[in-house]
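Here's the structure we're looking at; comments come further down.
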Protein chains: 2
Amino acid sequence: MKRTMIEMMADNNQFAGKAFLRYSGCFFKPRKTAVNNMQETSSQDVTMITCTAPVNIAVIKYWGKRHEELILPINSSLSVTLHQDQLKTTTTVACSRHFQEDRIWLNGKEEDINQPRIQSCLREIRRLARKRRSDEDLSNDISLAHRVHICSVNNFPTAAGLASSAAGYACLVYSLSRLFGVDGELSLVARQGSGSACRSMYGGFVQWKMGERQDGKDSLAEQVEPESHWPELRVLVLVVSAERKLVGSTSGMQTSVKTSKLLKHRADCVVPGRMEEMISAIQRRDFAAFGELTMKDSNQFHATCLDTYPPIFYLNDISQKVISLVHRYNQHYQDTRVTYTFDAGPNAVIYTLEDHVPEFIQVVRYFFPPETNGGEFVKGLPVGPASLSEDLKTAIGLEPVPKGISYIISTKVGPGPCVVEDPKLHLLNPEGLPKKST
Amino acid sequence: MKRTMIEMMADNNQFAGKAFLRYSGCFFKPRKTAVNNMQETSSQDVTMITCTAPVNIAVIKYWGKRHEELILPINSSLSVTLHQDQLKTTTTVACSRHFQEDRIWLNGKEEDINQPRIQSCLREIRRLARKRRSDEDLSNDISLAHRVHICSVNNFPTAAGLASSAAGYACLVYSLSRLFGVDGELSLVARQGSGSACRSMYGGFVQWKMGERQDGKDSLAEQVEPESHWPELRVLVLVVSAERKLVGSTSGMQTSVKTSKLLKHRADCVVPGRMEEMISAIQRRDFAAFGELTMKDSNQFHATCLDTYPPIFYLNDISQKVISLVHRYNQHYQDTRVTYTFDAGPNAVIYTLEDHVPEFIQVVRYFFPPETNGGEFVKGLPVGPASLSEDLKTAIGLEPVPKGISYIISTKVGPGPCVVEDPKLHLLNPEGLPKKST
């Protein structure tokens, strides 16, 4: 019987050490878990592993590449990793000498494995695996020649408008790395799947350093602080019902780089200082500084979208109302208690501290009255009750917009990619094909 | 009997010459007109003159002052003067030794004459008049000591959201200059009422050169081309029904100067090149170049508003739809046939050429179906019929928004301020008080 990859990795000194733990916010007991974790059927010789990876939301935004294929950005960026209890991608990867070809299923549908970005990730992981094995003379391993089957699902609806590509590519790269026993700078690989995916390779607060090298070897993610650093920080995703077709971020940022006279100035002259300020604000747990900079950077990103030709609009009237609401709320308390950021869509991501969540949720509920016959308005982390003062309502003074916000996902800062220990949770069956339910 | 100001001005060599004509897009027969034009009642000794002035719409935007009181801008700007047949301010100014104090009525309501900007204009005009008289030893004139009554009305509703201050201050300054017999660089005076008012002192295509001097003496308007230069050019004001209270431009631009990291870059590094390009496009009557630059500059202005902290939004969902519509229309024809620009509000100002007006109006009517029981949808210059091809509708492919646009004002490029010859059109009665109807 062939040894599983996890067993091999467990034997490797590096496995239990820093190199592995850097990539995992979750711990698991190497040997025992490894046995459980790999689904190996002698009839099929299928080796299988399942991992999860988080969504991240940038507070210093990435917009614009200096190299399209390598996905090298024109500026550094910084994000907060969201907790996987609420938002995650789950991916099962399997390999077997019986598989005829590489195949991939995303959210229940088979997709073209030859998409260049998926190919980049597969190629890079196989290259790293080959390199490591030749370095360490693990020539008895054969699985590199085997084809892989990949199956991936998100636990959040596409309608939530959350950039799923970051979690998706992070999960793909992490899962493949576990399968092939690869360590090293995996964020470099994930970056070539989707730029912001490199930041989903870590938990907590993560910067993507733009780097300087032409080959991109120094354009990688680094954890600024772990998820335990700021336990009071809370995240609310306000899902706005959008009718509009949005410009995709890949083509959007290409057009911005080509046409916006303001984007280059932002990248060269504004972002470097903001990265330093943001890192310092996070390290000091200074919410006012963190919040103000987050709002300013979100607005500047959308400003460069508007300066693009033809202009790109991601914020709609509801997004603008949320922005007004946040500023008026903070104004009322003479304190930055709540901050917003918007990615390439109309949904607001709100950061605030635990203590302010119940009241702010009530504010949102009051100014965007939800459908009464719908499902729960707030999903995710439970939110306590709160009352709303007439003073506060008057201070905000906006016209309520019924159903302007579909629902809220309540979450917090979370860890990086994890290995799933329970083999029942594999998305592929012993033959390496998607289970019926996925 | 005291001689009227106009008679005195008519006697002056400069009156019929360049110095006067520079400020008037309209001609009038000096002597005869002068007699008709001044309403003089022996019982009251009231000297009176009525003038009109146009609205202008910038294609290279002014946003941000380097000096608040003198109203010196951080960048040059360029505008098109709209025709007064559709949009104008009318102002009557009167002076009499019997008036006890300076007074002003705006759109039928008496306002505080002590507003600093009105005072700036009055002071500057009186200073110029005093200077000229001492230079020319016209010491027999006494009217400088007299108090003035001012009455001003717009022929367009405030709801049209057109910046009325430019036309208003241009008209005030022009009327006072005629009353007091002042010539010289009147745009310097109008600028101190409202920055963009300096551009309403000329017809056609007008640039406001930002100047360099600390005293602002070189921050003035200059005609780039007269209104006869590009006779095919047409202007459509798309009045969007807006529910929102908007941030006023004075406080808005103050906040932008203080907080936007992009605004300074725009002013210093982007606008100078655009001014040259725009002047050249106008001189060549190159609509594609004019149109593209107009759209880019409008978008960049709104981008700097969004980069302001807290952010300022003037474009709403309807504005964004108009922008999409224009780009898709042009895309369909592979030609920049129509261009948009937006000031500090949601209304679109469309520039296009005469030939494209009927079809474009039909496009607007199709995608923003007007109220059927309302008044006329298109006001102003008559627009011929046109049909709409299915191809074009499909190419634009937006969801129609009923009543998204309230009405359209159809107009063209027009002349600068004019003297009104018909004394029946004075807004003040022989006693110097507003007529009942105004």
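Look at the alpha carbon pairs under 8 Å that are at least 6 residues apart: their mean separation over the length of chain B gives a relative contact order of 24 percent. Take the Cβ atoms of residue A:398 and residue A:222, set R0 to 25 Å, and the FRET efficiency comes out at 0.05. For residue B:407, the residues whose modelled amide H falls within less than 5 Å of its own, excluding neighbours fewer than 5 places apart on the same chain, are B:239. Working ranking of peptides B:114-125, A:375-386, B:305-316 by packing, defined as the average number of other Cβ atoms within 10 Å per residue, highest first, is B:305-316, B:114-125, A:375-386. For the segment B:307-316, counting C-beta atoms of other chains within 10 Å of every residue's C-beta and taking the mean gives 6. Computed from the alpha carbon atoms alone, the convex hull of chain B holds 144 Å³ per residue. For chain B, the longest principal axis of the C-alpha atoms and the axis of helix B:271-284 are separated by about 90°.
Any chance you could give the angle, 0 to 90 degrees and rounded to 10, that helix B:249-259 forms with the longest Cα principal axis of chain B? Taking the Cα atoms of chain B, the angle to B:249-259 is about 60 degrees. Only helices enter this figure: runs of n ≥ 4 DSSP H residues, each worth -39500 (n - 2.57), summed and divided by the residues of chain B, yield -10500 deg cm²/dmol at 222 nm to the nearest 500. Its alpha carbons considered, the range A:282-340 gives a radius of gyration followed by a Dmax of 13.2, 40 Å. Going down the list A:379/A:436; A:321/A:393; B:412/B:436; A:403/B:321, which pairs span over 23 Å between their C-alpha atoms? Listed pairs above 23 Å: A:379/A:436; B:412/B:436. DSSP finds beta bridges in the protein assembly as shown, and of those with both partners inside it, around 90 percent are antiparallel. Against the longest principal axis of chain A, how steep is helix A:357-367, in degrees 0 to 90 to the nearest 10, with axes from Cα atoms? Between the helix axis and the principal axis of chain A, the angle is about 60 degrees. Mean projection of the Cα convex hull over all viewing directions, computed for the range A:233-412: 11.0 nm².
Positive end of the dipole of the range A:230-334 (Cβ unit charges, origin at the Cα centre): among A:250, A:278, A:319, the Cα lying farthest that way belongs to A:250.
A straight Cα-to-Cα reach below 19 Å connects residue A:296 with the aspartates and glutamates A:268, A:276, A:277, A:286, A:307, A:317, A:335, A:343, B:307, residues fewer than 8 places away in its own chain not being considered.
Taking amide hydrogens as placed 1.01 Å from N in the peptide plane, the amide H of residue B:203 sits under 5 Å from those of B:416, each at least 5 positions away in sequence or on another chain.
One way to sum up the overall shape of the protein assembly as shown is the equivalent ellipsoid from its Cα gyration tensor, whose semi-axes run 66, 26, 24 Å, largest first. With a 1.4 Å probe and all protein chains left in place, how much of the accessible area of the protein assembly as shown comes from carbon and sulfur atoms, in whole percent? Taking all protein chains in place, the protein assembly as shown shows 49 percent carbon and sulfur surface. Calculated FRET efficiency, residue A:109 to residue A:246, Cβ-Cβ distance, R0 = 30 Å: about 0.90 to the nearest 0.05.
In the range A:87-242, the DSSP beta bridges split such that about 80 percent are antiparallel, to the nearest 5. Note: the range A:320-418, Cα convex hull, 125 Å³ per residue.
Tell me the accessible surface of residue A:354 in square angstrom (1.4 angstrom probe, heavy atoms of protein chains only), to the nearest ten. Result for residue A:354: roughly 90 Å² accessible.
Out of all DSSP beta bridges with both ends in chain B, state the antiparallel percent to the nearest 5. Among the beta bridges of chain B, antiparallel pairing accounts for roughly 90 percent. Legend: calculated FRET efficiency, residue A:147 to residue A:354, from the Cβ-Cβ distance at R0 = 56 Å, rounded to 0.05, equals 0.75. Pairs over the 28 Å Cα-Cα cut-off, from the set B:109/B:209; A:65/B:264; A:209/B:261: B:109/B:209. Other protein chain C-beta atoms within 10 Å of residue C-beta, averaged over A:254-262: 3. Between residue B:422 and residue B:372, residue separation times 0.36 nm minus the direct Cα-Cα distance comes to 14.2 nm. Accessible area per residue for chain A is 40 Å², calculated with a 1.4 Å probe on protein heavy atoms, without ligands, DNA or RNA. Take each peptide in A:204-210, A:95-101, A:249-255, count the other Cβ atoms within 10 Å of every residue, and average; sorted highest first, the result is A:204-210, A:249-255, A:95-101.
For peptide A:293-300, the mean count of partner chain Cβ atoms within 10 Å of a residue's Cβ comes to 4.
In summary, the aspartates and glutamates within cross-link reach of residue B:217, defined as a Cα separation below 13 angstrom excluding same-chain residues under 8 places away, comprise B:124, B:185.
Highest mean packing first, where packing is the average number of other Cβ atoms within 10 Å per residue, the peptides A:196-202, A:126-132 line up as A:196-202, A:126-132.
Multiplying the residue separation of residue B:283 and residue B:135 by 0.36 nm and subtracting their alpha-carbon distance yields 49.4 nm.
For the chain pair A and B, the buried solvent-accessible surface (1.4 Å probe, both sides summed) amounts to about 2700 Å².
The values are calculated or read from the model by the stated rules, or taken from the named source; none is laboratory data. On a predicted model such as this, the values are computed, not experimentally measured, just so you know. Neighbour counts run over all protein chains shown; Cβ positions are idealised from the backbone, glycine included. The area values use the complete protein model at the heavy-atom level, side chains included, leaving out ligands, DNA and RNA. Shrake-Rupley method; radii C 1.70, N 1.55, O 1.52, S 1.80 Å.
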